[in-house]
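The values are calculated or read from the model by the stated rules, or taken from the named source; none is laboratory data. On a predicted model such as this, the values are computed, not experimentally measured, just so you know. Quick reminder, even Gly has a Cβ in these numbers, built from the backbone with ideal geometry, and neighbours come from all protein chains shown. Surface accessibility is based on the protein's heavy atoms, side chains included, excluding ligands, DNA and RNA. Shrake-Rupley method; radii C 1.70, N 1.55, O 1.52, S 1.80 Å.
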Amino acid sequence: MSKAMMVALGVLVLLLIVFPFGVNPYTVQVAITTITYSMLGLAFAFTMRVGLPRFDIPAWWGVGGYTTALLMKDGMSFWLTALIGGIIAVILGALVFSIAIPRGMIPFLMIGMVLTLAFYQMYGSVSLFGAWSGITNVPPPTIGSFEFVAKRDLYYICLLYTSPSPRDRTR
């Protein structure tokens, strides 16, 4: 990587870090939503790159998210429940698609779309999941005694989840 690219990357990281201090809470909320949808877009782009386009990614996000919220309401740590929710979503997805993939591309796509719509209806219809209002009174994530309650704090969690790992490389 060239020196100019390193400087540009450093400036970008610095701007991302100071961004929430210079804007109002609504703009921070828009940034959080944008980052969240960009994570979904990156997941979809990855599946397109490997030749298995998937339209069910939001359904598995829902499985992980609702698992996390339900376990947090029972008093578990966000960091542990996010890991558990992710593992459960991966296991369920692997089970479903170990059946769908051998059937061919069209059934694979259709099963994914049907599951996404079915999960959407289930989350909205079942009171365990808070029906259409969602799960309420979920405690905020914490590290020690620090609680991530402000929009700015949640923005930094989103940045953490979207930051590239040291092993990420561009072609």
Are any of the residues in region 39-58 among the small types (Gly, Ala, Ser) and either open to solvent by 80 Å² or more (accessible area, probe 1.4 Å) or at pLDDT 90 or above (or both)?
no
Return the residues of region 15-35 that are aliphatic (A, V, I, L, M) and open to solvent by 60 Å² or more (accessible area, probe 1.4 Å); say none if nothing qualifies.
Leu15, Leu16, Ile17, Val18, Val30
Grab the helices (runs of 4 or more DSSP H) fully contained in region 65-171, keeping just those with 2 or more residues being exposed (fewer than 12 other Cβ atoms within 10 Å of the Cβ) and either touching a residue at least 12 places away in the same chain (Cβ under 8 Å) or within 18 Å of the chain's Cα centre (by Cα) (or both).
78-100, 151-162
Val7: open to solvent by 80 Å² or more (accessible area, probe 1.4 Å) and under 30 Å from Pro102 (Cβ atoms), yes or no?
no
In region 45-55, is there at least one residue being in a loop (DSSP other than H, G, I, E, B), basic (Lys, Arg) and over 23 Å from Thr142 (Cα atoms)?
yes
Every listed condition ((1) over 15 Å from the mean Cα position of the chain (by Cα); (2) among the aliphatic types (A, V, I, L, M); (3) in a helix (DSSP H, G or I); (4) over 17 Å from Asp153 (Cα atoms)) holds for Leu14 save (4)
